1. What's the number of the condition B:Tyr63 fails, among (1) aromatic (Phe, Trp, Tyr); (2) more than 10 Å from chain A (Cβ to nearest Cβ); (3) closer than 24 Å to A:Thr8 by Cα?
2. Identify all residues within region B:157-180 that are surrounded by 17 or more Cβ atoms within 10 Å (Cβ to Cβ), out of contact with any Lys or Arg (no Cβ under 8 Å at 6 or more places or on another chain) and not small (Gly, Ala, Ser); write none if there are none.
3. Against the definition (over 19 Å from B:Glu97 (Cα atoms) and loosely packed, with under 13 Cβ neighbours inside 10 Å), how does B:Asn135 come out, yes or no?
4. Is it the case that some residue within region A:109-121 is more than 9 Å from chain B (Cβ to nearest Cβ) and crowded, with 17+ Cβ neighbours inside 10 Å?
5. Please state which one of A:Glu93, A:Glu73 is within 12 Å of the chain's Cα centre (by Cα), of a type in the set (D, E, K, R) and within 14 Å of A:Leu139 (Cα to Cα).
6. Tally time: how many residues in region B:50-76 are of a type in the set (A, V, I, L, M, F, W, C), free of Cβ contacts under 8 Å to residues at least 60 places away in the same chain and part of a strand (DSSP E or B)?
7. Residues that are free of Cβ contacts under 8 Å to residues at least 24 places away in the same chain: list the strands (runs of 3 or more DSSP E) wholly contained in region A:86-180 that include at least 2 such residues.
8. Please state which one of A:Thr26, A:Thr5, A:Thr36 is surrounded by 13 or more Cβ atoms within 10 Å (Cβ to Cβ), within 12 Å of chain B (Cβ to nearest Cβ) and part of a loop (DSSP other than H, G, I, E, B).
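The values are calculated or read from the model by the stated rules, or taken from the named source; none is laboratory data. If you're wondering where the values come from, they're calculated on a predicted model, not measured in any experiment. All Cβ positions, glycine included, derive from the backbone under ideal geometry; neighbour counts span all protein chains shown.
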Protein chains: 2
Amino acid sequence: MKNLTEETQSTTEIFKGNVIALEIDTVRLPNGETATREIIRHPGAVAILAITTDKKMVFVEQYRKPVGAILFEIPAGKIDAGETNPLVTAKRELEEETDYRAEKWQRLTALYTAPGFADEVIHIYEATKLTIASNALKLDDDEFLNVHLLSLDEAKQLIGSQKIVDAKTVFAIQHFELNYNNY
Amino acid sequence: MKNLTEETQSTTEIFKGNVIALEIDTVRLPNGETATREIIRHPGAVAILAITTDKKMVFVEQYRKPVGAILFEIPAGKIDAGETNPLVTAKRELEEETDYRAEKWQRLTALYTAPGFADEVIHIYEATKLTIASNALKLDDDEFLNVHLLSLDEAKQLIGSQKIVDAKTVFAIQHFELNYNNY
């Protein structure tokens, strides 16, 4: 088994923004040579597979400036400064974006979204036994979205037609399908 | 249905590297206010669900500097300058990283990995009827990895134990499970 680890020799911070930071690391490769790595630092995020009592999944439809398109995604959001428990973030985001609360929460997994250039990890939860919180969304000032409920078949059709193209959302739909009889 | 689109008012390029670029866009929100968006530009990538004739999946084990860990992933790589057909990139990456060629290729989907801050799209292919290409890997100068073959059950166990934590890889394993009888 080969040694694979790259040792950091120096780190230069290029940019620190409100959401992400960019740094360039010089690393020592397993063969002793050096190389540079362009790295995005991200505070981490949560996403929620929320399922209603009649087995519909909750989606948000939202403009995503980086890709220049309106995407169908599961509810999600980044971890705010001071939030140390991703479950707290998940409960906050689900209610803010969809006005649903869930009686039952279960951690599904935590995934790296783009480990080739970013350290973002997304904590994914399942939320069931949903109830309406307040009949009024509490979105961030710069956040605009529509909420949709879809059956598994409807969601799969939107994957097939490439209307759903967000990786975490496809993960959640596949998880729903693989465990459909348990809901 | 609300209008969701954000109009670009100005774009400032902060950084342009070998792999990614960083820009800050000022946008006009649907309510007329302005906001800034920190955006990573990425050339796009491919990933390959490669399955041997005895129904084992091909994985690569590779150090990922952004997350500081050795990850189990499906073979993948970024689209090089001048590569306009992602299938060509996929065939190149599979052979370079694993020394496998495939007689049969099928496009599965294309997914955004992190649309909240990056435009990276990953084109995912299925490769079957594998043969050994040359008995010698042709890795990039700064690329070090180990190749592993795992059954579906073995791969699922590594998801359960959080040894597999890469989003595109979990997508591929779930796809393999959902279509297991077709392989």
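1. Every listed condition holds for B:Tyr63 apart from (2).
2. Within region B:157-180, B:Leu158, B:Ile159, B:Ile164, B:Val165, B:Asp166, B:Lys168, B:Thr169, B:Val170, B:Phe171, B:Gln174, B:His175, B:Phe176 meet the criteria.
3. Here the answer is no, as B:Asn135 does not meet what is asked.
4. no
5. Criteria check complete, one pass: A:Glu93.
6. Of the residues in region B:50-76, 2 are of a type in the set (A, V, I, L, M, F, W, C), free of Cβ contacts under 8 Å to residues at least 60 places away in the same chain and part of a strand (DSSP E or B).
7. Qualifying strands (runs of 3 or more DSSP E): A:100-112.
8. After applying the criteria, what remains is A:Thr5.
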